[in-house]
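Heads up, the thing below is written out as structure tokens.
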Amino acid sequence: DEDGVCDPFELPPVLTVPADTLAECGSDLPPATALGGCSEPVVTFEDQIIPGNCEGNYTVLRLWTASDNCGNSTSRSQTIIFQDTTAPELTVPGDLVVECSDDIPMDDATATDVCSSFEISETSVTTPGNAAGNYTIVRTFTATDDCGNSTSATQTITVQDTTAPELTIPADYTSECSDDLILDDATASDNCGEVTIEVSSETIAGDAAGNYTVVRTFTATDDAGNS
């Protein structure tokens, strides 16, 4: 009673238990409530867990008990069937544009799941472009939890060749008009593809028949059109 004296004829608390339910694992469920008794009742519960066919599928047999401070108590049971129908949340690396000669970052995807363990798998498809250094990589990540729920997302890496070849040409020199001209070739290298070297020549007349200038122009072009 209000004076803290237990009345032996006081009825035990009245316990109201939520109905049996089917719920998504990890979800919050309403508690049981209780009224009456010789003091404000305290509500507790004990769970017996029956595993299912995966980590997120299981049954909880929940025994609720409402007790007052005079030792009066009431118990009722509730059955909760938890199921996991929610796929993991998957975070994949962002799309990238990289130079063909650079290292291509192959960062991993990450995932979270409320109820169970998961695995992340990856597949990759490379699609050629119009040159050796131009192509696309599409990485598809799939996160699958222990109950078979899965989600997929992709990352697109665009690889491009925007770098011109490095060109090395013969040095300028002066020659006697009676000597054979030395017309050495140029050389070139490229970061990603094959190189074609073209040469054009222009002769500029001087102030005498044996005085003239030959200007040779070399152009190195890779298969992506950079020159």
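The values are calculated or read from the model by the stated rules, or taken from the named source; none is laboratory data. These numbers were taken from a predicted model, which means no experiment stands behind them. So basically every Cβ, Gly included, is an ideal-geometry build from the backbone, and we count neighbours across all protein chains shown. Just so you know, the surface numbers come from the protein's heavy atoms only, side chains and all, with ligands and any DNA or RNA stripped out. Shrake-Rupley method; radii C 1.70, N 1.55, O 1.52, S 1.80 Å.
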Centre separation in Å (Cα based) which lies between region 157-193 and region 21-49: 83 Å
1.4 Å probe accessible area per residue over region 40-159, in Å²: 57 Å²
Apportionment of accessible area to carbon and sulfur, the chain, percent (1.4 Å): 49 percent
Rounded to the nearest 20 debye, dipole of the chain from Cβ charges on Lys, Arg, Asp, Glu: 900 debye
Computed log₁₀ I(q)/I(0) - Debye formula, equal Cα scatterers, no solvent, the chain, q 0.09, 0.15, 0.16 Å⁻¹: -0.70, -1.02, -1.07
For region 81-89, Karplus couplings with θ = phi - 60° (6.51, -1.76, 1.60), whole Hz, Gly/Pro x: 9, 8, 9, 10, 10, 9, 6, x, 8
With at most 11 other Cβ atoms within 10 Å, longest stretch of the chain clear of loop chymotrypsin sites (Phe, Trp or Tyr not before Pro) (DSSP): 10-172
Listed residue (Ala186, Ala34, Thr154) projecting farthest to the positive dipole end of the chain, Cβ model: Ala34
Taking the chain and dividing mean pair separation by its residue count, relative contact order in percent (alpha carbons under 8 Å, at least six apart): 15 percent
Rounded to 5, the percent of DSSP beta bridges in the chain classed as antiparallel: 90 percent
Protection-proxy order for peptides 101-112, 198-209, 10-21, each taking the mean of Cβ atoms within 10 Å per residue, highest first: 10-21, 101-112, 198-209
